[in-house]
Structures are given as structure tokens and as C-alpha cells.
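Derivation of every value follows stated rules applied to the coordinates shown; laboratory data play no part. Predicted model, so just to flag it, every value in this text is computed and none were measured. Heads up, the Cβs are rebuilt from the backbone with ideal geometry, glycines too, and the neighbour counts pull from every protein chain shown.
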Amino acid sequence: MGEKDRKTLKELLDSGILYLTGKGIEEAATDAWLLLEEVFQISRSWYFAHSDTEAEEQKARRYESLLEQRGQRIPLQHLTGKTWFYGLPFTVNEHVLIPRQDTEILVEEALKRAKSGMKILDMCTGSGCILLSVLSNCPSVMGTGVDLSEKALETARKNAADLKIKAEFLHSDLFKQVEGSFDLILSNPPYIRTDVIPTLMPEVRDHEPWMALDGKEDGLYFYRKILEQAGAYLIPGGWLCFEIGYDQGEDLRALMQRQGLEQIEIVKDLAGLDRVAVGRKK
């Protein structure tokens, strides 16, 4: 990307959209705008009133550099370092999964069951977005997030501090370092079959942490492990809530029944696909 004739903000944005479109980025116009907004710290309304403003050369170069990285399929959220989830801003990076809107359904199911004074465990917490979103809506609930990745936990702790939400984050291989009992256990574990990962979009396949994606041969490995151990940490009448893959509803129902859970429900997302599995300990 050269520098010639890229003087005004409008020219920069137009060339950015053209560049990303040529690189096959589906949301080229949105991504080009969000990068412009990030670099120049402007709002849409300000831009529409001042689109013929000449861009500072240094910022214009930074913008073009970010466009080139986006063209290489580095996720937009890694370039801006942040994303929004359940109405809250979260720091994200290459050490955590980028929160998806579909995951908000897991938060909603948790909030239906969360009550004052409860203790919640979020297994495979990643950025902490699920746990922190629940806690932000239930300030009197105590929450613990668990992850095997120290780098992910650093990100989760930063998010908790930035959002001023009190939560504990624990380095543990599933339940190994977990103590006590919980009213609600949440998890969005790795659930993509190993052989499917190479077919994912480059943004996911090449830039998101493999350990947060890989659910082993059939995608159900971590559900089995968590379900086998969760009973020892869940109070009688406590709930277990999982995010699941679009084709895993019946498998999860069977696994949960095998562990003696009741009131099992498979919740669909806005597209009508299986998204969350919930069950209750007797």
C-alpha cells in the first residue's frame, strides 16, 4: 500500500475498504472503518462532518500497516486489542478466544439461575468474559475462573481489574486445584473436533489458541472430563451450563443423563442451532 494521494480521512477509508475487499475480507467496510476509528480516535458522526480532514502522516502509515495485517487474516480484535461482549469491553489477544455473540446465550442461561450469595465456577475461563458478564449483572455472587493457560489468566485478571469486578482466577488443569463447592458451574470448553480445525477460517485456525479450540477426536473430550468430576464440586440442586457446538445437543444430553443430571435442556441460538446445554444435580 503506497502513500500517494491518501491524504484525507475519506480517501484513507475508501482505499482501506478497497484493499480489504481485494484481500477477500467479508466485512471489509466494517473492518476498514473500525481500524480508522481506532487509529484516529474518532466517531462516525465526527467523521461524516470532517471526512475531508487531512490525516496526520504518522497515523495514516499506522492505519495502512494495520490494514495490511488485517489483509493477512490477523483478527480485527487482535489488531485493536479489544472487543465487546454482553455490553462490556474486554481486552483480547492471541492467548484467548475472541468472545462470540453466540456465547452470550450461556451468560443468559446462567443469569436465569444465579441468585444472591451464590458461588459460581467458570471452567476454561479464557478472557473471563463469561464469568465477568455474569458477575457484572449479579454483584452479590462470588465467582472463580479456572484455566490451564497462565497467559489467558493474565488477560482475565486485567479484564476484571479494568471492569472493577471482583473475581478469583485460578491456574488449574480442570478441577485439580479447585476447592469447595459451587451453586453453578459454567464452561465454554474446547469442543471442535481436531480434524475440523484445519478447515476453519484463517483468523481462527492460525491466530486463536489451539488449546482453546481442540476438543480431541469427537469434540466431546472436555465435556466428559468436566461431567465426570463436576458432581464432587456442585451442590445438590446446583446447575451445570455448557456452551456446545451446533451438532452436539443430543450427545450432551446423553452424557449429562449418564452422570445423573436432571432437568436437562438444550438451548438454541438465534440461528436455531444447538448452543447451550444445561442440567441440574439431584
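If we count every other residue with Cβ under 10 angstrom of GLY145's Cβ, Lys/Arg +1 and Asp/Glu -1, where does the sum land?
Working: positive: ARG157; negative: ASP122, ASP147, GLU168.
So the environment of GLY145 carries a net charge of -2.
Work out how much length SER45 to LYS268 would gain on full extension: take 0.36 nm times their residue separation and subtract the Cα-Cα distance, in nm to one decimal. Let's see the in-between values first.
On the way: separation 223, 0.36 × 223 = 80.28 nm, distance 3.66 nm.
Between SER45 and LYS268, full extension yields 76.6 nm more.
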About the Cα centre of the chain, how large is the charge dipole given +1 on each Lys and Arg Cβ and -1 on each Asp and Glu Cβ? Please answer in debye to the nearest 20. 860 debye
Segment 210-282-segment 1-76 distance, computed between alpha-carbon centres (Å): 42 Å
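Show that you can apply the helix-only estimate: for the chain, add -39,500 (n - 2.57) for every DSSP H stretch of four or more residues, divide by all residues, and state [θ] at 222 nm to the nearest 500.
On the way: 11 runs with 111 residues, N = 282.
Computed ellipticity for the chain at 222 nm equals -11500 deg cm²/dmol.
Tell me the net charge near GLY260. Cut-off is 14 Å between Cβ atoms, GLY260 excluded, with +1 for each Lys or Arg and -1 for each Asp or Glu. Working shown, then result.
Values: positive: ARG253, ARG258, ARG280, LYS281, LYS282; negative: GLU228, GLU262.
After counting each charged neighbour, the total is +3.
Mind running the shape call on segment 78-197? Use the C-alpha gyration tensor, a ≥ b ≥ c as the square roots of the eigenvalues: rounded below 1.5 for a/c, prolate if a/b tops b/c, oblate otherwise.
Judged from the Cα gyration tensor, segment 78-197 comes out rounded (a/c under 1.5).
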I want to make sure I understand the PRE zone here: with the label point 7 angstrom from the Cα of LYS7 toward its beta carbon, which residues in segment 19-58 have backbone N atoms less than 14 Å away? 52-57
Take the Cα of ASP247, step 7 Å along the line toward its Cβ, and report every residue of segment 188-211 whose backbone nitrogen sits under 20 Å from that point. 189-202, 204-205
